[in-house]
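Enquirer: Below is one structure. I have some questions about it.
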């Protein structure tokens, strides 16, 4: 019998770690080659880790909510043959008698003096490497960890548990310390003489929530928490400004209606409007490379490649942005195949971590849900995002050599959000105008 080390595989150039979210196999389970053993999550997507060999799972080295670095061994699989792989050091989980927690009123200074002497071999519970590091850095003793209520699987203490505990402890300590500081007599007298109207009134930042039998409180899932975090950070980081332009896409609508059947028959792919818009946006980015940049402090990074993010709604209501790499190098057929592949894999949760990395500009189709236009939030660290509004039939003035007349045209709005720190109105407006010009100039006799 030989033992095989299952390691966290490389998931893309920019992905260095992942969080274990669920073990699909338990110790003692039989595993087939290429069968999924566990589920992991990066900051963008969830994925599975398959086994490279067939055998029996004999050891699990990380628990749910633990953060694992790429290349680290996460499990040991016993096989029928082959070379024996070196086994990683296993955390000692020898059970001992439970410790009684020290009183929370101990000062942080006293706790930090003892942090270097923490011996986790005396622990009665398992603590992940991440939790251990946080405990050491923040001066949390083993006694405190032992009595801490965990919300992880089996009551395990996870990252959020210890961070919440530290926040609460520091708050209590600050209040206690403030209450024990003696005030000079003159200050006390002055305070007593201060009128009520002169005292600053506390401002409540908590919005009251009515909870009754008809209400339901649901915790955000991991992806929604990340989306919330990224959106707030983007608004706080970039100076958002918008430009809007109306586009006549009648030629595109007629052309697509004419060729979509033949396109699907020949290529085995549906031809939606999305690849058409992506092709045009990539072309406009080549004309205006100042939109294909990112910001790092006081520096501007000019991107060599044009990698288009394509915002996609998921069945659970969340949002994800797969990336079309080197979009300017794809013809319409290649663009359609790439768009359909990313959209399909996004819907079924099969995107790879690298599929969402490296975007330089993002396009979102708010028209899918009937919106005429929108004001999208920039996908950091990019500096622009284009929202595509719904295509509608509207009455419009048509200019001809014989005069103007009213006709029915297919029109839509383009909404361009850009970062005013580095993109001024001239560039932001010129870029979206160029996109509109390319769309309106679409050749209705173009071959597929």
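The values are calculated or read from the model by the stated rules, or taken from the named source; none is laboratory data. Keep in mind that this is a model prediction, so the values were computed, not measured. Glycine gets a Cβ as well: all are built from the backbone with ideal geometry, and neighbour counts include every protein chain shown.
Enquirer: Being modelled with pLDDT of 55 or more and over 23 Å from residue 435 (Cα atoms) narrows it down to one of 178, 254, 283, 225, so name that one.
Expert: The unique qualifying residue is 225.
Here is a yes/no grid of residues against (1) over 19 Å from residue 130 (Cβ atoms); (2) at pLDDT 70 or above; (3) buried (at least 17 other Cβ atoms within 10 Å of the Cβ):
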{"position": "37", "(1), (2), (3)": "yes, yes, yes"}
{"position": "41", "(1), (2), (3)": "no, yes, yes"}
{"position": "46", "(1), (2), (3)": "no, yes, yes"}
{"position": "65", "(1), (2), (3)": "no, yes, yes"}
{"position": "90", "(1), (2), (3)": "no, no, no"}
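Okay, residues lined up against (1) crowded, with 20+ Cβ neighbours inside 10 Å; (2) in contact with a helix residue (DSSP H, G or I) (Cβ under 8 Å, 6 or more places away or on another chain); (3) more than 20 Å from residue 385 (Cβ to Cβ):
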| position | (1), (2), (3) |
| --- | --- |
| 301 | no, no, no |
| 307 | yes, yes, no |
| 310 | yes, yes, no |
| 319 | no, yes, no |
| 332 | no, yes, yes |
| 337 | no, yes, yes |
| 341 | no, no, yes |
| 347 | no, no, yes |
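Enquirer: All but one of (1) at pLDDT below 85; (2) surrounded by fewer than 11 Cβ atoms within 10 Å (Cβ to Cβ) hold for residue 236; state the number of the condition that does not hold.
Expert: The single condition residue 236 does not satisfy is (1).
Enquirer: Let me ask something additional. Quick test of your reading of the structure: residue 351 fulfils all but one of (1) part of a loop (DSSP other than H, G, I, E, B); (2) modelled with pLDDT of 95 or more; (3) closer than 22 Å to residue 221 by Cβ. Name the failing condition by number.
Expert: Among (1) part of a loop (DSSP other than H, G, I, E, B); (2) modelled with pLDDT of 95 or more; (3) closer than 22 Å to residue 221 by Cβ, residue 351 violates only (2).
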